[in-house]
Amino acid sequence: MLDTIIKNGLVVNSDSSSYVDIGIKDGKIVFIGNSDYFPEALKTLDATGMEVYPGMIDSHVHVNYNQGEFTSLDTFAQASIAAAYGGTTTMIEFAIPMENETPLDALERRISEAKGNTYIDYSFHGCFTNQNLNDIHQVKEMIQAGIPSIKMFTTYENLMLTKEFIFALLKELSRHQGLALFHAENNSIISSNIKKFIQNKQLTPIYHAKSRPPIAEAAEIASLLTLIEETEAAGLFVHLSTGKVEELLKLYKQIKGLPVFIETCTHYLALDEEVYERENGHHYICSPPIHDSNEKENLWNMFDRGLIDIVSSDHCCFDTKQKDKYKDHFPSVPNGLPGIETRGIVLYSEGVQGGKITREQFAAITSENVAKMMGLYPNKGRIMVGSDADITIIDPKEKYKLTANDLHMQTDYTPFEGLMITGKILHTFVRGQHLIADGKFNESKCCGTFIKRTKPHI
Ligand code: URP
Ligand code: ZN
Ligand code: ZN
């Protein structure tokens, strides 16, 4: 007897779509084909007219993230419920060390904070901030513990690393086949711009964008690419906001064939710099900032050119009270946007329904590519026999205006307020558990599992 059959839906993987039924037992996909030939099931979901995707994976999520005076507002439980509403079945958060912690200490702390409190599957990226060369051996220990990815910052004074330290980390990652994640923005360019704007009393939100121009990101990526080439480490540049690096990426990724990967986020694809001119422009402060509409179009075009691999949320859940406190002083506004719930549907509506990407590309950039890069494949990332029954079902016909009132993140706003959306996420299964059914959270179905990841499939 099966647990669940999902029938009559259009099943979409990264390379093909077909009308097949899915049989689920004990959290795994055990049959794909015509359900007339499956054993009976306890429950059958008729997905006629719907699109059935591999559960989305969000590999860039901040939960309860401290930025000095401000801490983002959600817990693992709250973020994971919002994620499930948004069709996300696995999230990867960051174990950022506190002042006297080593990277491994931070990882242990984050794992224990999430344990038993998370409704979807989860993992963490390791993170080095303290620049202690004696800690570098922890890269190997982390990879052995199922954490094959390490985040490095090149800006934010309290988190950023020197090139010397990054070089040492990359050598170690290369030795153990781990993945480097870079927040790449050139701190010298940014800090000199911020100083200038403070002197000139140019402190409204648009100056946040002007202080971090596309060239600040491009310059840092260029410099890090040379280190990647030298060390032969694999690197993922997170939250790419500019197409200025297109030629550079073609060279390193495609001509030289180096293991260089690119993530962008929904807000860079759906919004443009005009948001900073709005009355609530400070609600859109994130780093890198959102640039002009040409940059947005360039990013969309980079999917077809094979230059962007994944789309994440960079979820960071501040509310308007926190954002408002330093409304007219952009350097003091907390950085980051809420998005774990909206990443998938905004990308689907703007991208798939907007004719910019195919359904198959959507499956690749929200799931299969992420699973491969993050060492979650083949359990996750694809609808196939033997994989976890992580499934996201979208009704492609429903049309509505996105509004914060209908969302479940621990904030009172969404950067996408008023955006017309085509498509609704109706069902989310996590390892066979029907967490979101007909758009409603099924509270009794807990809990997510900490996933020990393998080395990236590169
Ligand atoms: O502004 C952002 N992106 N905040 C979250 C932290 C980060 O830099 O990714
Ligand atoms: Zn970042
Ligand atoms: Zn981030």
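The values are calculated or read from the model by the stated rules, or taken from the named source; none is laboratory data. Note that this is a predicted model, so its numbers are computed, not measured. Heads up, the Cβs are rebuilt from the backbone with ideal geometry, glycines too, and the neighbour counts pull from every protein chain shown.
For the range 193-210, check the following and say yes or no: at least one residue is among the β-branched types (Val, Ile, Thr), modelled with pLDDT of 95 or more, in contact with a Gly (Cβ under 9 Å, 6 or more places away or on another chain) and over 27 Å from Phe124 (Cα atoms). Checked against the condition, which is being among the β-branched types (Val, Ile, Thr), modelled with pLDDT of 95 or more, in contact with a Gly (Cβ under 9 Å, 6 or more places away or on another chain) and over 27 Å from Phe124 (Cα atoms), the range 193-210 yields at least one hit. Among residues of the range 337-354 being surrounded by 22 or more Cβ atoms within 10 Å (Cβ to Cβ) and of a type in the set (Gly, Ala, Ser), the one that is nearest to Phe416 (Cα to Cα) is Gly339. On the stretch given as the range 131-160, residues that are buried (at least 18 other Cβ atoms within 10 Å of the Cβ) and in a loop (DSSP other than H, G, I, E, B) total 5. Scanning the range 1-12 for residues that are among the hydrophobic types (A, V, I, L, M, F, W, C) and crowded, with 16+ Cβ neighbours inside 10 Å yields Leu2, Ile5, Ile6, Leu10, Val11, Val12. Taken across the range 166-173, residues that are under 30 Å from Glu274 (Cα atoms) and buried (at least 23 other Cβ atoms within 10 Å of the Cβ) do not occur at all.
Among the residues of the range 145-168, those identified as over 27 Å from Ser332 (Cα atoms) and more than 23 Å from the chain's Cα centre (by Cα) are Glu164, Phe165, Phe167, Ala168.
When you look at Met50, is it under 22 Å from Glu443 (Cα atoms), touching a strand residue (DSSP E or B) at 6+ places or on another chain (Cβ under 6 Å) and aliphatic (A, V, I, L, M), yes or no? No; evaluated as a whole, the condition is false for this residue.
Each row is one residue, and each column tells you yes or no for (1) more than 16 Å from ligand 3 (Cβ to nearest atom); (2) surrounded by fewer than 24 Cβ atoms within 10 Å (Cβ to Cβ); (3) modelled with pLDDT of 95 or more.
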site: Lys250; (1), (2), (3): yes, yes, yes
site: Gly257; (1), (2), (3): yes, yes, yes
site: Ile262; (1), (2), (3): no, yes, yes
site: Trp300; (1), (2), (3): yes, yes, yes
site: Gly306; (1), (2), (3): yes, yes, yes
site: Asp314; (1), (2), (3): no, no, yes
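Screening the candidates Glu99, Glu69, Glu113 for the property of being away from ligand 3 (no atom under 16 Å from the Cβ), closer than 26 Å to Ser287 by Cβ and modelled with pLDDT under 95 yields one hit, Glu99.
Being surrounded by fewer than 24 Cβ atoms within 10 Å (Cβ to Cβ), in contact (Cβ under 8 Å) with a residue 24 or more places away in the chain, closer than 25 Å to Gly344 by Cβ and among the small types (Gly, Ala, Ser) is a condition met by no residue of the range 79-91. Among the residues of the range 333-352, those that are more than 13 Å from ligand 1 (Cβ to nearest atom) and in contact with a Gly (Cβ under 9 Å, 6 or more places away or on another chain) comprise Glu341, Thr342, Arg343, Gly344, Ile345, Val346, Tyr348, Ser349, Val352.
Criterion applied to Asp26, Asp15, Asp58, Asp21 was being surrounded by 21 or more Cβ atoms within 10 Å (Cβ to Cβ), among the acidic types (Asp, Glu) and more than 16 Å from ligand 2 (Cβ to nearest atom), and the one residue passing it is Asp21. Residue pairs whose Cβ atoms lie under 9 Å apart, sitting 6 or more positions apart in sequence or on different chains, and linking a residue in the range 148-167 that is closer than 17 Å to Leu104 by Cβ to a partner that is of a type in the set (D, E, K, R) and at pLDDT 95 or above, are Pro148/Arg453; Pro148/Lys455; Ser149/Arg453; Ile150/Glu172.
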